[in-house]
Each structure stands twice: as C-alpha cells, then as structure tokens.
Amino acid sequence: MQALLGYPRAVWEAWAGALAGVVTGGEPVVPRAALCPTARDVVFRDGTAAVYRFRRPEGAPLRRGVPLLLVPSMINRWYVLDLRRGSSVVEALTAAGIDTYLLDWGVCRDEDRYLTWDLVLERLARCARRVCRDAGAPRVGVLGYCMGATLAAIHAALHPERVACLVNLAGPIDFSQAGVLGELVDPRWFDARAVARAGNVAPSQMQQGFTALRPTLNLSKLVGLLDRGPTREAWEAFDALETWGSDNVPFPAAAYETYITELYQQNLLARGEHRVGGRRVDLKALTMPVLTLGATRDTICPLPAAEALVALSGSRDTASLRVPGGHVGAVVGSRAARELYPALVSWLGPRLDAASSGA
C-alpha cells in the first residue's frame, strides 16, 4: 500500500476514470518524456507528407551501405518509431551507423478524401526516389511498420530494381489471417464504401474498432502500470505511449475504401490479383532479401498475416523472426531494446552494406 501512495495524482485520476468508463484529460504531474528525441532534417515535402533524414549520433560508426527508408502506418503518427530514449527504432538504427530516413505521411485535410490508394503508392515511390537522390545511392532499403509494411511490400513488388531489402515489421500481407479485425470488416455486415462516402475516416471511428478488440485494454494498462511500481521511468514510458496512442490522424476516404475492400475483404494482395496504377502486384517479384518481424501477442496483425510475406515472395534470402509483445509493445516496450533492435540491426547492416557494392 505504501508503494501505491507514491503515484502522482494523474495516475489515480486515470485509474478512477477507467473504472468509470471515461477517459480523463489533463497534464501529468511528473514531466513528460521527451518524444521524437533523434535529431532530424526535412529533405523533401510532397503534399502533406515529409521525408526526414536522421542525424548520426556522435561516435556512431559510419557505414557505407545504402540508406534505409522507414514507412509507418498512415493512421498513426510516425514517431512511434522514435518514441523516446531507449524506446526508439530510429535511435538503434542511427547508433549502428545506418543512414536512416522516414516518410511522415502528415495529417490529411478534408480535400484529401479523394486521395486514392494508387496516389498514396505514387507518393511513396516519389519519396523513395528522393531518398536515393539525397543519399547518392542506386537503391534503398525499406522497412514498413503496420499498414506501412503493406504499402512497402506493394512498392517493392512494383519497383524491385530500386529496393535493396525489405523488412515487414508487424504488417498484414495475407488478410485472410487478419483475425478479429478481419471479422469486424467482414463484407456481410461492413460496407466500406458507405463509410468512405462521408469523407475521411476520423480517428475516433478507427479507434472504436481497435477498442472493440480489447474493451478492457485501458484498465489493464493502468493495472500494469501499478504493478511496475511508482517510478518516474514507469510513468514516463506509460505517458509517452498514451500520448502517441491518442495522437491519431484521419484516413483518406478513397484510400480507405480500397484498403478495406480489396485487401481485408477480398485478400487480393495475397491472391496475386491486387492492381495499382493498372499493374498487377506480384509478390514473387520480391527477389531482394526479405525479413518479417512478428509480435507474439499481436491482435492487430496476427503472426500468420505478417509471416505470409516470406512464402509469397520470390526471394532466396528470407527470414521470419518473432519478438515478444503486442502490436505496439513489441516495438517500444521494455524488451524491444534487448530483442527487436539488435535483431533488426544484425539483419539489416550486412544487406545494406552489400547493396552499396552491387552484391
């Protein structure tokens, strides 16, 4: 009981709010963790999107490999990949000397309701070309997270000559294995076109779908926080993740309709029937090295949905690794720095280095 009394007032307010089924606001009593800690520069803008190049920290090795482009989801803010010190994919990559870029999709505007899936992939292709030009490299490695991994795989299949290697970090490929989310958008009771007719899909609409996966998630997170003890580190980790989790952005209506109908409902990508810009997306064209990283307790992207990429690709250099945690916790949780980041650097480093020499 004495340990519990050490918690700041904000924790008890959030606890009480969760019990009552409401979400409380307000600033935490303890200082917030510094979000997006890795220094970066904007090297390109395309509509609402921007491409960042992260600075190599002092003392980090200087690698000669081709650059790496990170592609996050369109419906969450990019900084989950650079959340805070010690919980950052970007920090681990740059510390290893990997020349790291990131595509920030930005926040779509009302008029972006007409941004189609094809136009989204055209934007990704332009950004990838700009990274190559900025780095003076013939190709680029691509790492996609969540929906960003789905987009990255499609881009790589359409432009295999430009992609040195591909990493799928918890991104669905075989949507017949999409689990509960697949059930939620089953065409028997879900009409994506009707949703899209109203305009961009609001963050609150999408968040309700994720909440339906685990209705007691907010309560369980607070119980977990209490279990870890009233430490500044525990509170900062909790607050950083909650800040990111509530910082969602709208999904362009036209792209949303295609994503739900053609991928979730019809599974055209895994079936080899998905088309972008009139071209069929053939995952067998993925002849570059391919890595799939899946989370063992992922309900948003179950392991079979992500790991299907290895079997469907045409690569001879493939690997599937499983890391502990859920869809987000595996990327920024307490075990990520010990398990995910070293595995990622170990796999990427040699392949990015080899690509620069034409191997």
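The values are calculated or read from the model by the stated rules, or taken from the named source; none is laboratory data. Here the structure is a predicted model, which means the values were calculated and not measured. Virtual Cβ from ideal backbone geometry, glycine too; neighbours counted across all protein chains shown.
Tabulated values for the structure
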| read-out | value |
| --- | --- |
| Residue match in the stretch 304-313 (condition: in the same structural domain as Pro350 (by TED's automatic domain parsing) and either among the hydroxyl-bearing types (Ser, Thr, Tyr) or assigned to a loop (DSSP other than H, G, I, E, B) (or both)) | yes |
| Near pairs, Cβ below 9 angstrom, 6+ apart or cross-chain, from the stretch 33-45 (without any contact (Cβ under 8 Å) to a residue 12 or more places away in the chain) to any residue that is of a type in the set (Asp, Glu) | Val42/Asp104 |
| Whichever residue in the stretch 245-257 is more than 16 Å from the chain's Cα centre (by Cα) and crowded, with 20+ Cβ neighbours inside 10 Å and, among such residues, is farthest from Asp104 (Cα to Cα) | Glu257 |
| Residue pairs meeting the criteria (Cβ under 7 Å; at least 6 apart or on separate chains; first polar (S, T, N, Q), in the stretch 256-283; second surrounded by fewer than 19 Cβ atoms within 10 Å (Cβ to Cβ)) | Thr258/Thr116; Gln265/Pro187; Asn267/Ser176 |
| Tally, over the stretch 91-112, of residues that are buried (at least 24 other Cβ atoms within 10 Å of the Cβ) and under 18 Å from Ala49 (Cβ atoms) | 5 |
| Only one of Val142, Val180 that is over 30 Å from Asp99 (Cα atoms), assigned by TED's automatic domain parsing to the domain that holds Arg63 and among the hydrophobic types (A, V, I, L, M, F, W, C) | Val180 |
| Selection count, the stretch 294-318, where residues are over 16 Å from Cys165 (Cα atoms) and of a type in the set (Ser, Thr, Tyr) | 2 |
| Residue check for Ser334: in contact (Cβ under 8 Å) with a residue 40 or more places away in the chain and not in a helix (DSSP H, G or I) | yes |
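So that you can scan it fast, the table gives a plain yes or no per residue for (1) at pLDDT below 75; (2) over 27 Å from Ala156 (Cα atoms); (3) not assigned by TED's automatic domain parsing to the domain that holds Leu124:
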position	(1), (2), (3)
Val195	no, yes, yes
Ala212	yes, yes, yes
Leu217	yes, yes, yes
Glu242	no, yes, yes
Ala254	no, no, no
Asn267	no, no, no
